[in-house]
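Trainee: Below is the structure I would like to discuss, written out as structure tokens.
The values are calculated or read from the model by the stated rules, or taken from the named source; none is laboratory data. Everything numeric in this text was worked out from a predicted model, so none of it was measured. Here the Cβ positions follow ideal geometry from the backbone for every residue, glycine too, while neighbour counts run over all protein chains shown. Areas reflect the complete protein model, heavy atoms only, side chains present, ligands, DNA and RNA absent. Shrake-Rupley method; radii C 1.70, N 1.55, O 1.52, S 1.80 Å.
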Amino acid sequence: KKHGKDQLAVFDPAMRASFQKHLEMEADLRRAVLRHEFELRFQPIVRLRTQEISGLEALVRWQHPERGMIPPMEFIPLAEETGMIVPIGEWVLREACRQAARWNAQRDEDTPLTVSVNLSAVQLERADLPQLVSSALQESGLPAKCLIIELTESLLVDHRPETLRRLEAVKALGVRLAIDDFGTGYSSLAYLRNFPVDIIKIDKSFVDDIGDMPAAAALTLGIIQLGQALQLSTIAEGIEHVEQLSELADGNCELGQGYYFAEPLTAAAMDDLLASGSPALSVTPPAPAAAA
Ligand code: C2E
Ligand code: MG
Ligand code: MG
Ligand code: MG
């Protein structure tokens, strides 16, 4: 009030700059969709007992012509806000299925890799989601049992009855559903009851603190046991140290992923890894359990 009402009508320079940047980024993102500037990385998901690769998580990157590689956290929110996550997410799904089918064609039929794809809330709001998933499978030839769709708890928070029906239609194809970042939402248990989930992904924040905080270790073991009781698979996210691996393997966590095994790899690097023929990642075996 003291500065007069004119002062309120104009942007301050910082706000103007941030607004300008937002507009630029939005224009860039539109162009990126047209010019196919997105790439996928694939992070191995490993069977903790044997360290065999059981599947891959597809993670999107934006290869910006001037700014270089942009991580998803820096453009997915804007892509969601502008609706551009729809064409981007469609491309991610088709490309992930295509690559997985290609890798599986070179593997033993008895041990096909799974591919996990992150889905955003905006994609779940679309009535044509089941058709999209079905066409991505058909086009690539990937069996439905090899596809896992990852949903975050935040995505399930304000669900409507259509959302549940849509997820059930996706599941009816034979696709499995995973809850990503499990334990970070404020009503994790309710989702397990209300949604037809097959897999729990234990959030990295629990895994991070396993060695330092008894409470984190207890919670992690509790989540694994909960998964077992409900006959769900558990995947631990963000394993970086051998101690975390030992603790999780001793607690009977089935699967895990993290920099300890491998960072997200380019498709070419994944080609090499899979062509090397070794079923297990060559990392140091976990120390034997003290109590065993
Ligand atoms: P997320 O689905 O929970 O994926 C796991 C993230 O943790 C990935 O980050 C991965 O690179 C990172 N990570 C894996 N192992 C480790 C580790 O040992 N240490 C550390 N510090 N990090 C690890 P990224 O690729 O940057 O992706 C971040 C998030 O962006 C994803 O989290 C997911 O929510 C979202 N995202 C990625 N790709 C897509 C996509 O295609 N569509 C949508 N809607 N979201 C995506
Ligand atoms: Mg994920
Ligand atoms: Mg996660
Ligand atoms: Mg996450």
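Trainee: For residue 64, list long-range residues whose amide hydrogen, built 1.01 Å from N in the peptide plane, is under 5 Å from its own amide hydrogen.
Mentor: 69, 70
Trainee: Take the eigenvalues of the Cα gyration tensor for the chain, scale each by 5, and report the square roots as semi-axes in whole Å, largest first.
Mentor: That gives 34, 24, 21 Å for the three semi-axes.
Trainee: While we're on this one: For the chain, what % of the accessible area comes from carbon and sulfur atoms, probe 1.4 Å?
Mentor: That fraction is 54 percent.
Trainee: Also, quick follow-up: As an exercise, use a Förster radius of 51 Å and the Cβ-Cβ distance of residue 52 and residue 172 to find the FRET efficiency, rounded to the nearest 0.05.
Mentor: The computed FRET efficiency comes out at 0.95.
Trainee: What do you get for the angle between helix 13-35 and the principal long axis of the chain? Use alpha-carbon atoms, 0 to 90 degrees, nearest ten.
Mentor: Here the helix axis deviates by roughly 60 degrees.
Trainee: How tilted is helix 85-105 with respect to the longest principal axis of the chain? Cα atoms for both, answer in degrees (0 to 90, nearest 10).
Mentor: 20 degrees
Trainee: When Lys and Arg each count +1 and Asp and Glu each count -1, what net charge do the other residues less than 14 Å away from residue 86, Cβ to Cβ, add up to?
Mentor: Charge balance in the 14 Å sphere: -2.
Trainee: Can you give me the relative contact order of the chain as a percent, contacts being Cα pairs under 8 Å and 6 or more apart?
Mentor: Computed over the chain, the figure is 18 percent.
Trainee: Let me ask another. What residues qualify as long-range amide H neighbours of residue 114, i.e. H under 5 Å apart, gap of 5 or more or another chain, H built at 1.01 Å from N?
Mentor: 55, 56
Trainee: OK, next. Mind ranking 133-143, 63-73 by how tightly packed they are, going by the mean number of other C-beta atoms within 10 angstrom, highest first?
Mentor: Highest to lowest by the protection proxy: 133-143, 63-73.
Trainee: What ranking do 96-103, 222-229 get when scored by the average of other Cβ atoms within 10 Å per residue, highest first?
Mentor: Averaged packing, sorted descending, gives the order 96-103, 222-229.
Trainee: Right, something else. Would you mind checking the tilt of helix 161-172 against the longest principal axis of the Cα atoms of the chain, expressed as 0 to 90 degrees and rounded to 10?
Mentor: 40 degrees
Trainee: Can you tell which of 241, 45, 134 lies farthest toward the positive end of the dipole of the chain, using +1 and -1 charges on the Cβ of basic and acidic side chains (Lys, Arg; Asp, Glu)?
Mentor: The residue sitting farthest along the positive end of the dipole is 134.
Trainee: Search the structure for amide H atoms under 5 Å from the amide H of residue 236, placed 1.01 Å from N in the peptide plane, and list their residues when 5 or more places away or on another chain.
Mentor: 202, 255, 256, 257
Trainee: Could you go through the range 123-131 in sequence order and give the Karplus-derived ³J(HN,Hα) for each residue, using 6.51 cos²θ - 1.76 cosθ + 1.60 with θ = phi - 60°, rounded to whole Hz, and x for Gly and Pro?
Mentor: In residue order, the calculated couplings are 5, 6, 6, 8, 5, 8, 4, x, 5 Hz.
Trainee: A further question follows. How far, in nm, would the chain grow between residue 73 and residue 241 when pulled straight, counting 0.36 nm per residue and subtracting the alpha carbon separation?
Mentor: 58.1 nm
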